[in-house]
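Written below as C-alpha cells is the structure these notes are about.
The values are calculated or read from the model by the stated rules, or taken from the named source; none is laboratory data. What you see is a predicted model; the values in this text were computed from it and never measured. Glycine gets a Cβ as well: all are built from the backbone with ideal geometry, and neighbour counts include every protein chain shown. With ligands, DNA and RNA removed, areas are computed over all heavy atoms of the protein, side chains included. Shrake-Rupley method; radii C 1.70, N 1.55, O 1.52, S 1.80 Å.
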Amino acid sequence: MGTEDVPLDDKAKRMRDLLSSFYSPDPSSTNDASSNHGSLDAIDTTSFDADQYMNLLIRKSNLEALLQRHVEMAAEIKNIDTDLQMLVYENYNKFISATDAIKRMKSNIVGMETNMEHLLDKIMSVQSKSDGVNTSLFEKREHIEKLHRTRNLLRKVQFIYDLPVRLEKCIKSEAYADAVKFYTGAMPIFKAYGDSSFQDCKQASEEAIAIIVKNLQGKLFSDSESIQARAEAAVLLKQLDFPVDSLQAKLLEKLEQSLGDLQLKPDEIENVSVESNDPKQGEVSDSIPIAAHEGSVLEFAEAIRAYRVIFPDSEGQPTKLAQDLVVKHFETTLLYVKGRISSGKLLGVLRIIWTDVLLMDEVLSEAVLPGFSLEAAQVALKQYVASTFSYLLRDISDALLRVNVSSKEAAEELPLQVALEASKKAVLQGSMDVLLDFRRLLDDDLGLLVQLRDFIIDWVQEGFQDFFRALDDRFLLLSGRKSSSSQDQDLTGAHGEKVLAGLVLVLAQLSVFIEQTAVPRITEEIAASFSGGGGRGYENGPAFVPGEICRIFRSAGERLLLHYTKMRTQKVSTLLRKRFTTPNWVKHKEPREVHMFVDLFLQELKEIGSEVRQILPQGLSRKHRRSDSNGSTASSRSNQLRDDKMTRSNTQRARSQLLETHLAKLFKQKVEIFTKVEYTQESVVTTIVKLCLKSLQEFARLQTFNRSGFQQIQLDIQFLRTPLKETVEDEAVIDFLLDEVIVAASERCLDPIPLEPPILDKLIQAKLAKWKEQNPVTP
C-alpha cells in the first residue's frame with residue numbers, strides 16, 4: 001500500500017509546485033519552497049541540488065524503482081547528447097555559410113567606391129548647368145506669367161461687364177440653369193468689388209436675377225409644369241441661396257398629390273388582362289394606355305430622385321411616398337380580387353404593379369420596395385385564392401338549388417337528376433378550372449410570382465382542404481341539419497319540404513361522387529402541378545389531406561341518406577297517425593272498401609320511388625321472395641292456419657286466434673328489419689316502407705278496436721301486400737311486418753273476428769282493379 005501511495009503524493013506535490021511557480025510573484029520564494037519540500041521534479045530547475053535529490057530518491061524509492069530510474073535517466077542523457085550534437089552540427093553549417101557570404105560581398109564591392117565618385121561628379125555638373133539655364137530664363141518666365149494673369153483678369157472683367165446682357169438672353173430663352181451658373185460664378189467678384197468698380201454691373205445683374213427667381217418660383221408652383229421641371233427649379237433656387245424650407249413642403253405636397261393620379265383605378269383594372277394566346281405569357285393588352293402609365297411612374301421616380309438631391313436630409317419622406325403608392329396599388333387590387341376575376345386579369349394588374357416597383361427601386365433602392373411589395377402581394381394573392389374557392393362553392397350551391405319538384409312537369413323533366421348532374425359538373429369541372437387558373441400564376445415568369453411560388457402552392461392546397469370542409473357544412477345547411485346564418489337564409493328559405501327532401505337525396509349521392517371521383521382526380525392534378533410548397537412550414541403537416549376529405553364525405557353521404565329516409569318516414573308517419581287518431585274505432589262501421597289513407601300512402605311511396613329512380617342506381621341483388629326465407633314460410637303457415645280457422649265458427653275462431661298467432665310466432669325465425677341503408681333504389685324504398693309499417697304497428701297498439709274497426713284494418717293491410725311487393729326488394733320482411741300490424745290490431749280488438757275470405761278477396765280485387773287503372777305499369 002505504501003508503494004502505491006508514493007506516486008500519488010509525488011504527483012500532488014509536483015502539481016502544487018508547478019502552480020506555485022506559475023502564480024508566485026517572487027521566483028526566489030518558489031525556489032525556496034521547492035528546496036524545502038524536496039521534489040523529484042527539481043532536477044529540471046536552476047537550483048538543482050544533486051545530493052538532496054539523491055537522498056530524496058533513495059528515501060522514497062525501492063531498489064526496483066531506482067534501477068528503473070537509472071535506465072530512464074541513462075536514456076534521457078543519451079537523447080540529450082544526441083540532440084546537442086545535432087544542434088552543434090547545424091550551427092556549424094550555418095557559420096560556414098555566413099563566412100562564404102561575407103567573402104562574396106567583399107569581392108563584389110571592390111571598385112564600387114570609385115564608380116560612386118564618378119557618378120557624383122556627373123550629377124554636380126548637371127546641376128550647375130540647370131541652375132544656369134534657370135537663371136538666364138527667369139526674367140522672361142516672370143514676364144510671361146504676369147501677362148497671363150493680366151489676360152485672365154481682363155477676361156473676368158469682360159465677363160462681369162457682359163453679365164447683365166447674358167442674363168437677359170437667358171431670361172428670353174428660359175435658360176435659367178445657364179443664368180444661375182453665370183451669376184454664381186461672378187458672385188466672388190461682386191462681393192469684393194461690387195460696391196466700387198462694378199456697382200452698375202452688380203445692380204443690373206441683381207435685377208435680372210430677381211426676375212429669374214420670380215420666374216423659377218412661378219415655375220415651381222405651376223400645376224402645368226411637370227414634376228421634374230419643378231424639381232429643377234427648386235435646385236436652381238437653392239443655388240441662388242433662396243430659402244427652400246417652404247419649397248420642400250410645397251414640393252412634397254405636389255408629390256403626394258401626384259400619387260392619386262398614379263394609383264390604379266377600378267374601372268381601369270377591369271380592362272387589364274394578359275393575353276392567353278401570347279406565348280410569352282406576360283404581355284399586357286393595350287386596353288388602357290400602359291405606356292402612359294409607365295411614363296408617369298418614371299417621371300414620378302425622377303422627381304423623387306431630384307427631391308433627394310435637393311433635400312438630402314429627407315430620406316424617409318420619399319421612401320414613405322413610394323411605399324404609399326405600392327400600398328394603394330395593392331389595396332385597389334385587394335378590392336378587385338374579391339370579385340370574380342380570371343388569373344389573366346390578375347396577372348395584368350400584378351405586372352403593372354411590379355413594373356412600377358422596379359422603376360422606383362432604381363432611384364430609391366434603400367426603400368427595398370420589392371421586399372415591401374412581396375408582403376402586400378401575399379395578402380392580395382391569398383385573398384384571390386380564397387375568393388376563387390368561395391365562388392366555386394357558390395356555383396355548386398346554385399346548381400343544387402335549381403331543383404324544382406313542385407313544377408307540374410317535374411316527372412318529365414327529372415329535376416333531381418338534372419340537379420345532380422349539374423352539381424357533379426360544378427364540383428369536378430369547376431375544380432379543374434380553378435386549378436388551371438392557379439396554374440397560370442405558377443407558370444408566369446413575373447419576378448413577384450416566382451418568389452411567392454411556394455406560398456401559392458400552399459394556399460391552393462389549403463384552399464382545397466378548407467373548400468371541401470365548407471362544402472360539407474353547406475350540405476348540412478341545405479339538408480336542414482344545421483341552422484343557417486343570416487347571410488345563408490336564402491339558401492333554404494325559398495324551397496318547400498318536398499324540394500328539401502329531394503335535395504337531401506341529391507346531396508347524399510353527390511357526397512359519394514366527391515369521395516369516389518372528384519377527390520382522387522383533384523389529388524392527381526395537385527400532385528402533378530402543385531407539388532412542393534413548404535412556405536407554411538413542414539412542422540404544420542401537409543396542407544391537403546385527401547384521406548380526411550374522403551372520410552368526411554363518406555360519413556356525410558351516409559348521414560344524408562339516413563336523413564332522407566327519416567324525412568320521408570316522418571311525413572308518411574304523420575299521415576298514418578292521422579289515420580289512427582281521427583276515427584272512433586270502438587264505434588267503427590262495417591268496412592265496405594279500402595280506406596282512402598291507403599291511396600295516400602301508396603302515392604307517397606310512388607313519389608319516393610320517382611325520386612330515388614332519378615338519383616340512385618338499381619341494386620344487383622334479386623328480390624327476397626317469400627319462399628326464400630324461413631320467416632316467410634312461417635308467415636305462410638300462419639296464413640294457412642288462419643284459412644283453416646275461417647271454416648270454424650266465429651266464436652271459436654275469435655277465442656283461438658290470439659293463441660294460434662302467438663304459437664306461430666314461436667316457430668318463426670327472427671327477421672332482420674332494421675338493416676343498413678345502401679345507395680340503391682330498392683334499399684332506400686324498402687327501408688322507408690319497413691319504418692312506416694313499424695310505425696303503423698305502433699299506432700295500432702295505441703288504439704282499441706271493435707269488430708268492424710279490426711276488419712277495416714285487416715282489409716287495408718291485406719290490400720297493401722300486392723302493391724308493396726312490387727315496390728320493395730325484401731318481400732319476406734314486408735309480409736312479416738304486415739302480419740304484425742294485423743296481430744297488433746287483433747290484440748287491441750274487443751271482438752277480433754276477421755272478415756270472411758270471399759268478402760275480403762272481393763273487396764281487395766275491386767280495389768286492385770281500380771288502383772291498377774289509375775296507376776298503369778310503365779316499362
- Query: Do you know which residues across the stretch 704-732 are open to solvent by 10 Å² or more (accessible area, probe 1.4 Å) and in contact with a Lys or Arg (Cβ under 6 Å, 6 or more places away or on another chain)?
  - Reply: THR704, SER708, GLU729, GLU731
- Task: Could you pull out the residue among THR582, THR569 that is at pLDDT 90 or above and over 30 Å from THR517 (Cα atoms)?
- Result: THR569
- Six or more apart or on different chains, Cβ under 7 Å: which pairs go from a residue in the stretch 160-180 that's over 8 Å from ILE212 (Cβ atoms) to one that's part of a helix (DSSP H, G or I) and among the polar types (S, T, N, Q)? Could you list them? LEU163/SER205; PRO164/SER205
- Message: Looking only at the stretch 722-748, how many residues end up being in contact with a strand residue (DSSP E or B) (Cβ under 9 Å, 6 or more places away or on another chain) and of a type outside the set (A, V, I, L, M, F, W, C)?
- Response: 5
- Task: Please state which of the following conditions GLU331 fails to meet, knowing it meets all the rest: (1) closer than 30 Å to LEU471 by Cα; (2) of a type in the set (Asp, Glu); (3) touching a residue at least 12 places away in the same chain (Cβ under 8 Å).
- Result: (3)
- Message: I need the full set of residues from the stretch 724-749 which are touching a Phe, Trp or Tyr at 6+ places or on another chain (Cβ under 7 Å) and either outside the structural domain of GLU593 (by the TED database) or of a type outside the set (S, T, N, Q) (or both), in order please.
- Response: ALA745, ARG748, CYS749
- Message: Suppose the filter is closer than 30 Å to LEU760 by Cα and small (Gly, Ala, Ser); does SER531 pass it?
- Response: no
- Message: Please go through the stretch 356-369 and give me each residue that is buried (at least 17 other Cβ atoms within 10 Å of the Cβ) and part of a helix (DSSP H, G or I), ordered by number.
- Response: ASP356, VAL357, LEU359, MET360, ASP361, VAL363, ALA367, LEU369
- Does GLN217 satisfy the criteria of being at pLDDT below 75, polar (S, T, N, Q), under 30 Å from GLY295 (Cβ atoms) and assigned to a helix (DSSP H, G or I)? no
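Every residue, every condition in (1) under 30 Å from PHE159 (Cα atoms); (2) modelled with pLDDT under 80; (3) open to solvent by 90 Å² or more (accessible area, probe 1.4 Å), yes or no:
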| site | (1), (2), (3) |
| --- | --- |
| VAL180 | yes, no, no |
| TYR183 | yes, no, no |
| GLN199 | yes, yes, yes |
| ALA229 | yes, yes, no |
| LEU240 | yes, yes, no |
| LEU251 | no, yes, no |
| LYS254 | no, yes, no |
| SER258 | no, yes, no |
| LEU262 | no, yes, no |
- Would you point out which residue out of ASP286, ASP278, ASP313 is open to solvent by 30 Å² or more (accessible area, probe 1.4 Å), part of a loop (DSSP other than H, G, I, E, B) and modelled with pLDDT under 65? ASP286
